[in-house]
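Working notes, beginning with the structure itself.
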Amino acid sequence: MSSIPSTSSATTAQSTDTTSNSSSKTINQGDFLKLLVAQLAAQDPMNPESNTDFIGQMAQFSTLQATQSMQQNMSSMEAGDFLGRTVNVQDSDGTISQGIVSQLQLNSGTPSIIVNGAAYTLSQVLSVQPTSSTP
């Protein structure tokens, strides 16, 4: 009986260690499957996890991935709406600039706009106006 709690403690320590190592990056499907295999290998044979628990975990992870993908797609579409418009943007040092969005970029799935030759994230946009044409 005393070996069962130590197995649980080892599993907890292993998952905590894995979490702290990957805190600087996002977990992907491969990482999730590695954790799932480790969880299966370390489970108590006298009290195994049910299949529905594992299926629930996989469904939650799939939903999270789909939500993140949809969020990136929505941000990209929003950035596309800025193309050709006049924007006010704020630099990291607090300087506010105005210019026309001339280009869009995707860096690791994160959209940015190019204004006056400089790249800005969408969070740096303060306002958006239609570009007025001069006769």
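Okay, here's what the table says:
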| read-out | value |
| --- | --- |
| Cross-chain or 6+ apart pairs with Cβ under 8 Å, region 114-130 first and in contact (Cβ under 8 Å) with a residue 40 or more places away in the chain and in the same structural domain as residue 99 (by TED's automatic domain parsing), then acidic (Asp, Glu) and in a loop (DSSP other than H, G, I, E, B) | none |
| Residue in region 71-86 that is modelled with pLDDT under 75, surrounded by 10 or more Cβ atoms within 10 Å (Cβ to Cβ) and either touching an Asp or Glu at 6+ places or on another chain (Cβ under 8 Å) or farther than 29 Å from residue 121 by Cα (or both) present | no |
| Near pairs, Cβ below 6 angstrom, 6+ apart or cross-chain, from region 26-51 (closer than 21 Å to residue 64 by Cα) to any residue that is surrounded by 12 or more Cβ atoms within 10 Å (Cβ to Cβ) | 32/61 |
| Considering residues of region 87-98 that are part of a loop (DSSP other than H, G, I, E, B) and among the small types (Gly, Ala, Ser) only, the residue surrounded by the fewest Cβ atoms within 10 Å (Cβ to Cβ) | 94 |
| Count of residues meeting criterion [part of a strand (DSSP E or B) and among the small types (Gly, Ala, Ser)] in region 112-124 | 3 |
| Matching entry among 88, 116 (being over 17 Å from the mean Cα position of the chain (by Cα) and on the phi > 0 side of the Ramachandran plot) | 116 |
| Residue in region 99-111 that is surrounded by fewer than 12 Cβ atoms within 10 Å (Cβ to Cβ), under 14 Å from the mean Cα position of the chain (by Cα) and either in a loop (DSSP other than H, G, I, E, B) or assigned by TED's automatic domain parsing to the domain that holds residue 29 (or both) present | yes |
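The values are calculated or read from the model by the stated rules, or taken from the named source; none is laboratory data. All values derive from a computational prediction rather than experimental measurement. As a convention, Cβ positions derive from the backbone with ideal geometry for all residues, glycine included, and neighbour counts pool all protein chains shown.
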